[in-house]
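The values are calculated or read from the model by the stated rules, or taken from the named source; none is laboratory data. A quick note: this is a predicted structure, and the numbers were derived from the prediction, not measured. For neighbour counting, all protein chains shown are included, and Cβ atoms are generated from backbone atoms with ideal geometry for every residue, glycine included. These accessible areas exclude ligands, DNA and RNA; they are computed on the full protein's heavy atoms, side chains included. Shrake-Rupley method; radii C 1.70, N 1.55, O 1.52, S 1.80 Å.
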Amino acid sequence: MNYVNTIKINTDNLLSNIDTIKENYAYSYIILDVSNNAFNHGMYIIHYLKDKIDYLYVHDLSDLLLIRKYDKDIPVIYGGKVHQDNVYDLIINDAILVISNMEILKNIKSLNIKDKVTFILGIDPKGYFGIAKKEDILDYLEWDHKHFELVGVIAQIEEKDYDNFNYIIRPIKDAKLMILNHENDKRKIHGSNAIKLDASIYGINTEKKKLFQKNDISLKQVFTLGSKILDIKEIVHNKKSKYMAIIPFGNHQGMNHAIKQVFIHNKLYPVKEITSEYMLVEVDEDITKDMDVEIISSNNPLEKYFSEETLSYFSLFNMNIPIIFDDYILEKTLSY
């Protein structure tokens, strides 16, 4: 198969980003969100992560099943909906369930499942989305816990919310995981021992509305979206020659109109036109057919094109473009 238009994952950059975060933010447990097929980088990415992080986090059963395709043992926290149609699959695949409503836990108990149900309580002192009453926890603690194991709590709180939060969870003793921090605010909240990461390890900065190169730490872009020059067309006007490189990567392949330049042979060249099937790039006479083109890379990072905090650039991955890791080609069409 011809992999002219490909996404290449730089796993050295991936691991460097994790190490940088761990060096700068001291948490006992690192939890990585790999929802939506690892933000469309391909779930094979966990092959490189499993010795670097402590838990994975997903929102959908399909992602859990995809993880288990590659790794049967890595701990996975499931933060999506839990209901009678999926609870058996979740438990069989060793998901740690996030329970944000005690009625859900009671419904699981009524099923008389004999396998162990491992779970985390989702707490919200404001009562919008999560357990907000200490009485609910006290009620659970009076149950027969033969098939239930509470391993921690997760909450989206600020330091000012901590006293109310602590009042709610006070009946819980010896919780292993206190997941109170997200990468949007890495300043450790009192009592927190875990942080949930998502975009940052891929080289996306989620602070200060900048991407990739942070002001406090430096993260590296993980992926390169590349193609090759299909042909060069010379255009003569008033006895002056211009050269247009034809690159077979247009709207149908996922090309984004926000991208104004590409990187070829150690230089940036302007994108002049984007069609459904190709784009035209104005180059000089040194550029030749079959040269590699970096549409997006560390030499042409997306931070130049998206000034706002966004994950919208992941739409570039939604066109079934082949993903190449260091030692493995992931066929997007076979992911699910």
*Residues (surrounded by fewer than 14 Cβ atoms within 10 Å (Cβ to Cβ) and farther than 16 Å from Val117 by Cβ) located in the range 148-158*: Glu158
*All but one of (1) closer than 22 Å to Ile329 by Cα; (2) within 15 Å of the chain's Cα centre (by Cα) hold for Tyr55, so report the exception by its number.*
(1)
*Is the range 166-181 home to any residue that is surrounded by 20 or more Cβ atoms within 10 Å (Cβ to Cβ) and modelled with pLDDT under 90?*
yes
*Quick check: is even one residue across the range 5-23 of a type outside the set (Asp, Glu), open to solvent by 10 Å² or more (accessible area, probe 1.4 Å) and more than 20 Å from the chain's Cα centre (by Cα)?*
yes
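Residues are listed down the side, and each one gets a yes or a no for (1) open to solvent by less than 10 Å² (accessible area, probe 1.4 Å); (2) within 26 Å of Ile74 (Cα to Cα):
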{"position": "Ile91", "(1), (2)": "no, yes"}
{"position": "Ile113", "(1), (2)": "no, yes"}
{"position": "Gly122", "(1), (2)": "yes, yes"}
{"position": "Phe129", "(1), (2)": "no, no"}
*Scan the range 258-277 for residues that are touching a strand residue (DSSP E or B) at 6+ places or on another chain (Cβ under 6 Å) and either outside any loop (DSSP other than H, G, I, E, B) or at pLDDT 95 or above (or both) and jot them down.*
Gln261, Val262, Phe263, Ile264, Leu268, Tyr269, Pro270, Val271, Lys272, Glu273
*Please give the number of the condition Pro125 fails out of (1) in contact with an Asp or Glu (Cβ under 6 Å, 6 or more places away or on another chain); (2) part of a helix (DSSP H, G or I).*
(2)
*Can you tell me which residues in the range 211-239 are open to solvent by 20 Å² or more (accessible area, probe 1.4 Å), at pLDDT below 90 and either in a strand (DSSP E or B) or within 19 Å of Lys8 (Cα to Cα) (or both)?*
Gln213, Ser218, Lys220, Thr224, His237
*Could you grab me the full set of residues in the range 112-140 that are among the aliphatic types (A, V, I, L, M) and at pLDDT below 90?*
Ile113
*So, of the residues in the range 240-257 that are open to solvent by less than 60 Å² (accessible area, probe 1.4 Å) and in a helix (DSSP H, G or I), which turns out to be nearest to Lys272 (Cα to Cα)?*
Asn251
*Could you check how many residues of the range 274-288 are touching a residue at least 40 places away in the same chain (Cβ under 8 Å) and either polar (S, T, N, Q) or touching a helix residue (DSSP H, G or I) at 6+ places or on another chain (Cβ under 6 Å) (or both)?*
1
*Matching option when the condition is touching a residue at least 24 places away in the same chain (Cβ under 8 Å) and in contact with a strand residue (DSSP E or B) (Cβ under 6 Å, 6 or more places away or on another chain), among Leu64, Leu111, Leu138, Leu97*: Leu64
_Qualifying residues in the range 296-336 (those that are in a loop (DSSP other than H, G, I, E, B) and small (Gly, Ala, Ser)) - the one modelled with the lowest pLDDT_ = Ser335
*Could you tell me which residue of the range 278-295 is nearest to Tyr305 (Cα to Cα), considering only residues that are assigned to a strand (DSSP E or B) and not acidic (Asp, Glu)?*
Ile295
